[in-house]
Structures are given as C-alpha cells and as structure tokens.
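Single-structure report; data block below.
The values are calculated or read from the model by the stated rules, or taken from the named source; none is laboratory data. Quick caveat, the model's predicted, so the values are computed rather than measured. Note: ideal-geometry Cβ built from the backbone for every residue, glycine included; neighbour counts use all protein chains shown. Surface accessibility is based on the protein's heavy atoms, side chains included, excluding ligands, DNA and RNA. Shrake-Rupley method; radii C 1.70, N 1.55, O 1.52, S 1.80 Å.
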Amino acid sequence: EPWTRRDTLPDFREITRVQISGLVGNFDEVQELGEYKAGTFNTASEKYKLLKYGKIVGISYEAIMNDDLSAFTRIPQAFSQKSAQKQSDLVYAIMTGNPTMGDGILLWNAATHKNYTAVGTALNEASLDIAFQTFRAQKSIEGDFLNLTPSFLIVGPKNELVANKLTSQNFVPATQAAIAVERLTGLQLIIEPRITDYAFFLVANPAVIDTIEYSFLAGEEELFIEEEETFNSDSLNIKARMVFGTKAIDWRGMYKNNGAA
C-alpha cells in the first residue's frame with residue numbers, strides 16, 4: 001500500500017488516467033493585467049477497469065450447531081485474508097511481469113522507458129547508485145527533468161538480508177569506504193515473497209508521481225459479504241464479493257533490476 005495509489009471508481013466502465021508527468025509547456029511570465037495562457041496535459045494515458053471477484057460457501061445446520069457458531073466469525077475472516085492476497089497477487093503480477101503500457105512499449109524497457117537493467121547486477125551500493133542516477137535522469141513527456149528519487153526498495157526473500165544491511169538505521173559500516181551507504185537509509189524496505197528471484201525494484205513516492213494505481217467500487221470498498229439462509233436444506237450460504245482493478249500508470253517512478261546472486 002505505501003508505494004501504490006488508491007482510488008474508487010463509480011462503475012465497471014473503462015477509465016483513463018492521464019500521466020501527471022505530461023503537462024505540456026512551461027510556466028509563462030504573466031505581465032501586469034496580462035492573461036494566463038492555457039495549458040493542457042499530453043495525451044499519454046493508461047486505461048483500466050474494475051473486475052469482480054468472489055466466492056460462496058455453504059454451511060449446514062448441523063455444522064453450525066456443532067461448531068458452536070464460531071464459523072460466523074472465522075469464515076468472513078478467511079474471506080478477508082483471501083481478498084487481500086488476491087489484491088497483492090494482481091499488483092505484484094504487474095511488477096514481476098512486464099505488461100504493455102499505453103504507449104505500446106513494455107513497462108520495463110531499458111531503451112525507451114529507461115527504467116530497467118535487464119542484465120541483472122547484485123543488490124549492493126553500486127547497483128543502488130545506478131538506480132538513483134536512473135531516477136534523476138527521468139524526463140517528462142516535454143523533456144523536462146523530473147528530478148525523482150526512489151522512496152521504496154522492494155525485494156524478495158533472496159535479497160532480504162543484504163537489503164536490510166543497506167537500509168537499516170542500525171547498520172554500522174565496518175570500513176571507511178562503507179560509510180557512504182548510510183545515505184540510502186531513506187529508502188523504506190518492503191519484503192515481498194511473490195518476488196522469488198534476485199530481482200529488486202525501486203519506486204518513487206506515489207504522491208510525487210504515479211506508480212501503480214488500484215481501485216475499488218465506490219460504496220463497496222475492500223470486501224462485501226452477505227449471508228442467505230436456504231429454506232429447503234437448512235443451510236447458510238455466505239458470499240464474498242470484491243470489485244477491484246489495478247494498473248501501472250507511469251513508468252518513470254519505477255525501476256527494475258533483474259538482480260544476481
């Protein structure tokens with residue numbers, strides 16, 4: 001959640017998100033009593049829509065009685081856990097995959113998007129330094145420097161130990177040469193088991209530039225659960241519904257290194 005942007009949508013129709021890095025033109029000087037010139041956003045955008053997910057389970061009258069009614073609290077909790085897992089599955093499938101963006105180019109692209117090190121390097125100070133430089137070099141659609149810095153380092157379990165050493169406030173450099181690594185302690189570390197290899201990702205603050213956005217249906221955020229008694233069979237059906245959508249909105253605030261052992 002910290003590195004993504006949350007929103008709500010009113011219905012299931014496809015929506016368009018304009019990239020906020022696409023503001024056209026510079027700030028113009030306005031003379032005394034002069035008029036402001038109209039500005040626009042570039043047409044670069046991403047599209048996505050909400051999808052519906054869910055499950056229904058039935059509980060017999062006998063099971064309810066034998067379970068001393070605790071199923072009423074445990075089943076919704078299980079649904080809630082599953083829905084959260086599904087949300088993370090969908091978001092991290094974008095990160096670990098390589099979907100096509102609105103410009104027709106894959107999200108992770110070294111040549112055009114300049115946010116990808118395909119020939120992976122091990123996670124260390126040198127590789128993070130390259131990532132920082134990559135962020136600084138990103139430009140808007142108009143060609144202006146965005147001067148971005150990453151706020152989050154996202155790794156899998158294979159990089160957990162070294163990532164903690166690089167970002168922990170408690171890390172004490174063993175040598176004079178290692179002191180420079182302390183400048184990286186501003187990175188918030190996120191360990192994600194869905195990243196099963198040595199790849200690592202850096203992501204900017206979503207309040208500064210769009211990264212990945214996810215949305216729920218307005219008025220039905222997170223998870224909707226309802227119950228229905230079945231008259232003919234003395235059973236209770238519990239249904240859970242989640243309306244959710246997610247999409248990478250702008251590649252400039254995200255970087256991937258394929259990593260190495």
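Is there any pair with a first residue in region 1-24 that is under 16 Å from residue 210 (Cβ atoms) and a second that is open to solvent by 90 Å² or more (accessible area, probe 1.4 Å) and at pLDDT 90 or above whose Cβ atoms are under 8 Å apart and which are 6 or more apart or on different chains, and what are they?
Here the result reads 9/49; 15/47; 15/49; 16/47; 17/47, each pair linking region 1-24 to a residue that is open to solvent by 90 Å² or more (accessible area, probe 1.4 Å) and at pLDDT 90 or above.
Which of the residues belonging to region 213-224 are open to solvent by 60 Å² or more (accessible area, probe 1.4 Å) and over 12 Å from residue 11 (Cα atoms)?
Going through region 213-224, the residues open to solvent by 60 Å² or more (accessible area, probe 1.4 Å) turn out to be 219, 221-222, 224.
Correct list: 221, 222, 224.
What are the residues in region 117-145 that are closer than 20 Å to residue 44 by Cα and touching a helix residue (DSSP H, G or I) at 6+ places or on another chain (Cβ under 6 Å), if any?
The answer is 138, 140, 141.
Could you list all residues from region 139-158 that are crowded, with 18+ Cβ neighbours inside 10 Å and either within 19 Å of the chain's Cα centre (by Cα) or among the aromatic types (Phe, Trp, Tyr) (or both)?
Once the filter is applied, which keeps residues that are crowded, with 18+ Cβ neighbours inside 10 Å and either within 19 Å of the chain's Cα centre (by Cα) or among the aromatic types (Phe, Trp, Tyr) (or both), region 139-158 yields 148, 150, 151, 152, 153, 154, 155, 156.
Taking the conditions exactly as written (in contact (Cβ under 8 Å) with a residue 40 or more places away in the chain and surrounded by 13 or more Cβ atoms within 10 Å (Cβ to Cβ)), does residue 86 satisfy them or not? Show your work before the answer.
On the way: in contact (Cβ under 8 Å) with a residue 40 or more places away in the chain: yes; surrounded by 13 or more Cβ atoms within 10 Å (Cβ to Cβ): yes.
Yes: the conditions hold for residue 86.
Out of region 99-129, which residues are assigned to a helix (DSSP H, G or I) and either surrounded by 13 or more Cβ atoms within 10 Å (Cβ to Cβ) or among the polar types (S, T, N, Q) (or both)? Write out each step before concluding.
Taking region 99-129 as the starting set, the residues that turn out to be assigned to a helix (DSSP H, G or I) are 125-129.
Listed by number, the residues that qualify are 125, 127, 128, 129.
What number of residues within region 93-106 are closer than 19 Å to residue 14 by Cβ and either in contact with a Pro (Cβ under 7 Å, 6 or more places away or on another chain) or hydroxyl-bearing (Ser, Thr, Tyr) (or both)?
Residues in region 93-106 being closer than 19 Å to residue 14 by Cβ and either in contact with a Pro (Cβ under 7 Å, 6 or more places away or on another chain) or hydroxyl-bearing (Ser, Thr, Tyr) (or both): 1 in total.
Just to be sure, is residue 239 over 21 Å from residue 200 (Cβ atoms) and modelled with pLDDT of 90 or more?
Values: over 21 Å from residue 200 (Cβ atoms): yes; modelled with pLDDT of 90 or more: yes.
Judged against the criteria, residue 239 is a match.
Just checking, does region 193-212 include any residue being open to solvent by 30 Å² or more (accessible area, probe 1.4 Å), at pLDDT below 90 and not charged (D, E, K, R)?
Filtering region 193-212 for residues open to solvent by 30 Å² or more (accessible area, probe 1.4 Å) gives 193-194, 196-198, 205, 207-208.
Filter once more, keeping what is at pLDDT below 90: none.
Among the residues of region 193-212, not one is open to solvent by 30 Å² or more (accessible area, probe 1.4 Å), at pLDDT below 90 and not charged (D, E, K, R), which makes the answer no.
Under 6 Å by Cβ, and 6 or more places apart or on different chains, what pairs join a residue from region 115-137 that is without any contact (Cβ under 8 Å) to a residue 24 or more places away in the chain and over 15 Å from residue 203 (Cβ atoms) with one that is open to solvent by 60 Å² or more (accessible area, probe 1.4 Å) and in a loop (DSSP other than H, G, I, E, B)?
Listed by first residue and then by second, the contacts come to nothing, as the list is empty.
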